[in-house]
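For reference, the structure is listed below as structure tokens.
The values are calculated or read from the model by the stated rules, or taken from the named source; none is laboratory data. Please read these numbers as outputs of a predicted model, since none were measured by experiment. Here Cβ is always computed from backbone atoms with ideal geometry, including for glycine, and neighbour counts include all displayed protein chains.
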Amino acid sequence: MAIGVFGGAPELPGEGGPLSTTPLYWLYEWSHAALNPSRGLADAARLHFKNPLNPLAHTTFGKSVAAAAEIYERVIRRYTKPEWDIHSTLVGGERVPVQIASVWERPFCKLLHFQRLFEHPLRRPQPKVLIVAPMSGHYATLLSGTVEALLPRHDVYITDWMDARMVPVAAGCFDLDDYIDYVISMLHWLGGDCHVIAVCQPAVPVIAAVARMEAEDDPYLPKSMILMGGPIDTRINPTAVNKLAEARGTDWFRSHVIGRVPFPHPGFMREVYPGFLQLTGFVSMNFDRHLDAHKQMFQHLVLGDGDSANKHREFYDEYLAVMDLTAEFYLQTVETVFVRHALPKGEMTHRGKSVDLETIRRVALLTIEGEHDDISGRGQTEAAHGLCVNIPPERKAHYLQPDVGHYGVFNGSRFRAEIAPRMADFIQTHNRGLEPPAVARRQTAVGPKRVA
């Protein structure tokens, strides 16, 4: 999961000159429409050979046909935005229902609140947490595991970014500056009594938003920020996708991966980085692994291993559901974060004003990385500590999770068992009022402490 170049850009023809993606996008739409009849036939074949009244359904031949039909249908399917599938949580040992409500909305984002219903009225209010999900190709539902792990001890909000192809051109553009504006606006709506968590790509706009708020003595600063696997300084241990972005340059991406949304989507003619191109990049990075996963699913279906097949379905229903990104946001992010390295160089601006991380002094900082992260290299997120020199050392911490890659930083068994409890402890430790701007003193940090 990552923005554009994080996931890798597909190797398109035309290295010698620009290649418009618009015809390719339209051809992609037409091919999907053309494949709809065969998809229906494949689904019918699957149902026919799984019908217990069909004698062939109990044979290896019948099971193989049903499995092949399901794999084919899933490969050519267009995956829609998954459901959150979070209906309850445990709070203090008590199972309480959860209702998801949109509490703030702009054309390109909704702020969702996971409201816990019928809680004990005398229970102490728990810290409010704003999870800033990546606008990076996948939907915010990719962080379902993150939300579930935090719900028992926190009042959770999350950004639900819109698919750019669903936003009419009349709604205007959306770039990195707008992203930062949205984060600041949401923090204002939450009243400052909250903690912000940036997962992957949002680490840069979130820390930039906090820096701008500090510079303006904004009273609605979050109490702490947690940056997880984010590209604060991609010059440190650059990954293959970091090198690709720097080598290609913004002009290459503008020429080769930007297209216009085809009819009949609401965002018709909006310039975007199409989701299907992002998905091509995601899959091409680990093509052999995805191919093996589908071979294994075929075997699971033939052998009747329903649990393993269901795990495959759940993963790929989420992984293959992708959204378009606005061209201006994608290109500005590539240029600012991966090509110019503007943030660590002190050259990043927001609405013409400098983003100076040295202004941050009252917001506690926790950074989290995965030992085997191949998207945001080790040390890229930790670099935030060296840039935020005026946050007192006792309000800084860094944690490196052994034996996990990028996805394991925010999801999975190790996240639930080892990372989420540390996040909760950090939030609880700093869940108190911020020092007033007039009293806050600038200090020189000696480096973050390590979380055991």
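I'd like to know if segment 244-258 contains one or more residues that are farther than 25 Å from K345 by Cβ, assigned to a helix (DSSP H, G or I) and in contact (Cβ under 8 Å) with a residue 24 or more places away in the chain.
So the first thing to find is which residues in segment 244-258 are farther than 25 Å from K345 by Cβ, and the list is 255-258.
Going one step further and asking which of them are assigned to a helix (DSSP H, G or I), we end up with 255-256.
Those left that are additionally in contact (Cβ under 8 Å) with a residue 24 or more places away in the chain: 255-256.
Yes: one or more hits.
Kindly indicate whether any position in segment 305-322 is in contact (Cβ under 8 Å) with a residue 60 or more places away in the chain, in a helix (DSSP H, G or I) and of a type in the set (S, T, N, Q).
Checking segment 305-322: not a single residue is in contact (Cβ under 8 Å) with a residue 60 or more places away in the chain, in a helix (DSSP H, G or I) and of a type in the set (S, T, N, Q).
Can you pull out every residue in segment 373-396 that is of a type in the set (S, T, N, Q) and modelled with pLDDT of 95 or more? It would help to see each step written out before you state the result.
Kept after step one, since they are of a type in the set (S, T, N, Q), are these residues of segment 373-396: 376, 380-381, 390.
Those that are of a type in the set (S, T, N, Q) and modelled with pLDDT of 95 or more: Q380, T381, N390.
Return the only residue of P274, P238, P219 being more than 15 Å from V183 (Cβ to Cβ) and in contact with a strand residue (DSSP E or B) (Cβ under 6 Å, 6 or more places away or on another chain).
Details: P238 fails: in contact with a strand residue (DSSP E or B) (Cβ under 6 Å, 6 or more places away or on another chain); P219 fails: in contact with a strand residue (DSSP E or B) (Cβ under 6 Å, 6 or more places away or on another chain).
P274 is the lone residue from the list that is more than 15 Å from V183 (Cβ to Cβ) and in contact with a strand residue (DSSP E or B) (Cβ under 6 Å, 6 or more places away or on another chain).
Do we find that W30 is surrounded by fewer than 12 Cβ atoms within 10 Å (Cβ to Cβ) and more than 25 Å from A293 (Cβ to Cβ) in this structure?
Numbers: surrounded by fewer than 12 Cβ atoms within 10 Å (Cβ to Cβ): yes; more than 25 Å from A293 (Cβ to Cβ): yes.
Yes.
For (1) under 28 Å from the mean Cα position of the chain (by Cα); (2) part of a helix (DSSP H, G or I); (3) modelled with pLDDT of 90 or more; (4) small (G, A, S), each residue gets a yes or a no:
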position: M1; (1), (2), (3), (4): yes, no, no, no
position: Y25; (1), (2), (3), (4): yes, yes, no, no
position: H48; (1), (2), (3), (4): no, yes, yes, no
position: A69; (1), (2), (3), (4): no, yes, yes, yes
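Identify, by number, the condition in (1) more than 30 Å from M269 (Cβ to Cβ); (2) buried (at least 22 other Cβ atoms within 10 Å of the Cβ); (3) of a type in the set (F, W, Y) that W189 doesn't meet.
(2)
For (1) more than 22 Å from the chain's Cα centre (by Cα); (2) aromatic (F, W, Y); (3) closer than 22 Å to A140 by Cβ, each residue gets a yes or a no:
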residue	(1), (2), (3)
L325	no, no, yes
Q332	no, no, yes
V339	no, no, no
K353	yes, no, no
A364	yes, no, no
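What single numbered condition from (1) assigned to a helix (DSSP H, G or I); (2) surrounded by 15 or more Cβ atoms within 10 Å (Cβ to Cβ); (3) of a type in the set (G, A, S) fails to hold for A417?
(2)
Out of V363, V322, V355, which single residue is surrounded by 18 or more Cβ atoms within 10 Å (Cβ to Cβ) and at pLDDT below 95?
On the way: V363 fails: at pLDDT below 95; V355 fails: at pLDDT below 95.
It is V322.
Can you tell me which residues in segment 225-243 are in contact (Cβ under 8 Å) with a residue 40 or more places away in the chain and either of a type in the set (K, R) or farther than 24 Å from K353 by Cβ (or both)?
Listed by number, the residues that qualify are I226, M228, G229, R235, I236, N237, P238, T239, A240, V241, N242.
Output the residue which, of all residues in segment 51-67 that are of a type in the set (V, I, T) and not in a loop (DSSP other than H, G, I, E, B), is nearest to G40 (Cα to Cα).
Among residues in segment 51-67 that are of a type in the set (V, I, T) and not in a loop (DSSP other than H, G, I, E, B), the one nearest to G40 (Cα to Cα) is V65.
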